[in-house]
Amino acid sequence: MFHHTSLRCAVLGLLAAAALFQALTAEYFGLEILTEILILAMLVLALDIVAGFGGMVSLCHGALMGGGAYAYALLSAKAGLPPLAAMAGAAAVTGAAAWLIGAVCARSHGIYFIMATLAFGQMAYSYVFEAPVFGGDDGLGGIPRLDLSQIGIDLSGSRGFALFCLAVLAAVYGTAVLILRSGLGRSLCGVKHNEQRMRALGLTVWRVKADVFGLSGMIAGLAGALAAQHIMYISPGLLSWTVSGEALVVVILGGLGTLVGPLVGAAAFLLLKHELSAVTPYWHLVVGAILIAVVMSRANGIVGWIEARWGGRGDRRAAEAARKQKSEEVLGDA
Amino acid sequence: MAHDLGFWMLQALNALQLSMLLFLLSIGLTVIFGLMHFVNLAHGSLYALGAYFAASLAAIGGYWMGFFLAPVAVAGAGVLLYSGLIKRMRNSGPMAQVLVTFGLIFALLDVTRFFWGDLALAIEIPAILDGRLTFLGIEYPAYRLFIIALGLAIFAALAVVLDRTQIGAMIRAGVDNDAMAACLGINVERLFFIVFCVGCGLAGLAGAVAAPLLSVTPDMGLQILIPTLIVIVIGGLGSLKGAIAGSLVYGFVQTFGAVLAPQAASVLIYALLAAVLVIKPAGLFPAKG
């Protein structure tokens, strides 16, 4: 069953405090980066649920997020739905799409699962790129933000929007914990450990995978709806497979299957990216080198490294066990 | 136009040309996977590297110098990659390999940008291949015919080496069951090293050949990667028959799709891939074992 070690709780608290502090004190540029981090964190949280806890390494989550952004834009700007309904609609659309993808891909494993999800992601990318309703290469603009002025919250400024994103991320994190603690989440863990055994126990394995994939897709779609509101403009580049690849990189950087890790990873990745791109135009080189180093070090990302180093005795034992299991499972037969 | 035989011939040749280019890339990738279950996502970056080497060498000594030396140079880069990185990642699972080679894509992208800049480079088609050939009532660029011929020649050469020579038998044994092959006294480790370098060289060759057709840009490796992966997944990872079948399927579906159903063309190949994965999750011609 999923539970937080005290160290993870501490990291989570620290992150929340830092984000809140940043949201209340930072200037415009800092707030923009914070919002970017919060939205990326939501996407990689969704990815961590399927990849870290379900062993389903998906390369279509970028496309799901982009799909959510486009669904929101079309529902709000084109169909004239109120933003809140459009957000719910976007999450529902991506959730349904993700459920279907999960159901179709449930039979594949390892590299084939990665390829199958990649195919679906690219299919969505090509479709959005070609179909005239999505504005093609030009993208779509004029996307409205949610209007909460009735309850006294102004989302048009960057501070208000950053705080709003933080609140949504907190809610999503809570939901993710609930999902993982539910019967569905426990079944998912069982499926990851031994699919055969779960099938023998009478579980419909593909249903569990599809349901979790669908829920994860909803979260990714929600992140997309927020991303569309953040920049108020979207382009097909959002759905590109490199976004999914980057999300995977962020999850690994932070720590797979820890739920806190993705948040740490998102913050580290974007801060690194902004700092490095200010110094050198070749920041990809550095990020690539760091990624290679992280994977080759065999620690489970930043959080795994922290746990191995500073974890309390109980935590350390748990972390050690998890790490051993993880490097065998994740690196062995992802 | 659609009832004209010449038109179909033309499209078939276009499809064949695309297939042969993809074949050069996928054969290296698939044998590397088949032998050692190593997923090298950076294979596309090696193709881009080949195109850049070819462009630089062509500027010094003409097209043919690039054509012959770029594959060698890329194979050399393969040696560096192998000894520095891949050897150590050989026994990790696909997930770790995907990530390390993903990091490699990032790194190689910036390495090419660093040395050659962001602007697209161009290579002249050599004089002997510049122009069009007329046969069976159609005109076709000689250079594209050259690519088809080259692809077929490489295919024939590989088929002979793999089917008729001892090293081919060793490779096949390694693909089928590497542990058993090692027990029989085959140095699978060294075999893999050789195959890896040859695979890199073929990727470099593909880059050198494609360079005059497409412009040479840093992201050309990223662009070709997805089609290559589709080819080997449709064909079946690790299978030689699969590489050629997958290349032909991709080339023809893509080319004729663009002609017959332009609206659906881009989605068509992905839908086909999804269908293949649903019906035969291991591809059309999966490697045994």
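Based on DSSP H assignment, which helices of chain B show an axial Cα extent of at least 20 Å together with a mean Kyte-Doolittle hydropathy greater than or equal to 1.6?
B:5-36, B:63-81, B:142-164, B:188-210, B:220-235, B:265-279
Using only the alpha-carbon atoms of region A:259-310, report the extent along each of the three principal axes, biggest first, to the nearest angstrom.
Rounded to whole Å, the extents work out to 33, 21, 17 Å.
Given the options A:HIS193, A:HIS230, A:HIS284, state which has the largest fluctuation in a GNM of chain A using a 10 Å cut-off (strictly under) for Cα springs.
Taking springs between Cα atoms under 10 Å, the residue moving most is A:HIS284.
Taking the Cα atoms of chain B, report the difference between the largest and smallest coordinate on each principal axis, in whole Å and largest first.
59, 47, 36
How much accessible area per residue does chain B have, in Å², with a 1.4 Å probe?
Averaged over the residues of chain B, the accessible area is 41 Å².
At a Förster radius of 22 Å, what calculated FRET efficiency corresponds to the Cβ-Cβ distance of B:GLU124 and B:VAL72, to the nearest 0.05?
The computed FRET efficiency comes out at 0.55.
Sticking with the crude label model, points 7 Å out along Cα→Cβ, report the distance from A:HIS3 to A:THR242 in nm, one decimal please.
So the label points at A:HIS3 and A:THR242 sit 4.4 nm apart.
If you plug each phi of region B:121-128 into the Karplus form 6.51 cos²θ - 1.76 cosθ + 1.60 with θ = phi - 60°, what whole-Hz ³J(HN,Hα) values come out, in order, with x for Gly and Pro?
Rounded to whole hertz, the list is 9, 10, 10, 6, 6, x, 4, 5.
Tell me the carbon and sulfur percent of the accessible area for region B:159-283, rounded to whole percent, probe radius 1.4 Å.
Carbon-and-sulfur percentage of accessible area, whole number: 68.
Averaged per residue, what accessible area in Å² does chain A show with a 1.4 Å probe, protein chains only?
41 Å²
Name the aspartates and glutamates eligible as straight-distance cross-link partners of B:LYS241: C-alpha to C-alpha under 14 Å, and not fewer than 8 places from it in the same chain.
B:ASP163, B:ASP176
Please report how many Lys pairs in chain A have alpha carbons closer than 25 angstrom, counting only residues at least 8 apart along the chain or sitting on separate chains.
Within chain A, the lysine pair count is 5.
Taking 20 Å² as the minimum loss, tell me which residues in region B:113-135 lose that much accessible area going from the chain by itself to the full protein complex (1.4 Å probe).
B:ARG113, B:PHE114
Taking a temperature of 37 °C and a viscosity of 0.692 mPa s, what whole-number D in µm²/s does Stokes-Einstein yield for region A:1-150 with Rh from Kirkwood over alpha carbon pairs?
Here the translational diffusion coefficient equals 185 µm²/s.
If N is the number of residues in the protein assembly as shown, what value comes out of its Cα radius of gyration divided by 2.2 N^0.38 Å?
In units of the 2.2 N^0.38 Å rule of thumb, it is 0.98.
Once the Cα atoms of region B:76-152 are picked out, what are the Rg and Dmax in Å?
19.9, 55
Report the Stokes-Einstein translational diffusion coefficient (µm² s⁻¹, integer) for chain A, Rh taken as the Kirkwood radius over Cα pairs, at 25 °C with viscosity 0.890 mPa s.
The calculation lands on 122 µm²/s.
Report the B-A buried area as the accessible area lost on both sides summed, probe 1.4 Å, in Å² to the nearest 100.
Buried surface at the B/A interface: approximately 3700 Å².
What is the mean number of Cβ atoms from other protein chains located within 10 Å of the Cβ atom of each residue in peptide A:282-294, rounded to a whole number?
So the per-residue partner count for this stretch is 6.
Ignoring any ligand, DNA or RNA, what whole percent of the accessible area of region A:128-245 comes from carbon and sulfur when the probe is 1.4 angstrom?
60 percent
Apply the membrane-span-like helix rule to chain A: whole DSSP H runs, Cα extent along the own long axis of at least 24 Å, mean Kyte-Doolittle hydropathy at least -1.0. List the helices found.
Qualifying helices, which must be both long enough and hydrophobic enough, are A:6-25, A:28-48, A:83-105, A:110-130, A:158-181, A:205-231, A:261-279.
Taking the convex hull of the alpha carbon atoms in region A:127-216, what volume per residue do you get, in Å³?
Output value, Cα hull per residue: 177 Å³.
Using a Cα-Cα cut-off of under 14 Å, which aspartates and glutamates could be cross-linked to B:LYS87, ignoring same-chain neighbours fewer than 8 residues away?
By straight Cα distance, B:LYS87 reaches B:GLU189.
The values are calculated or read from the model by the stated rules, or taken from the named source; none is laboratory data. None of these values were measured; they are calculated from a predicted model. Cβ: placed from backbone, ideal geometry, glycine included. Neighbour counts: every protein chain shown. Note: areas computed on protein heavy atoms with side chains; ligands, DNA, RNA excluded. Shrake-Rupley method; radii C 1.70, N 1.55, O 1.52, S 1.80 Å.
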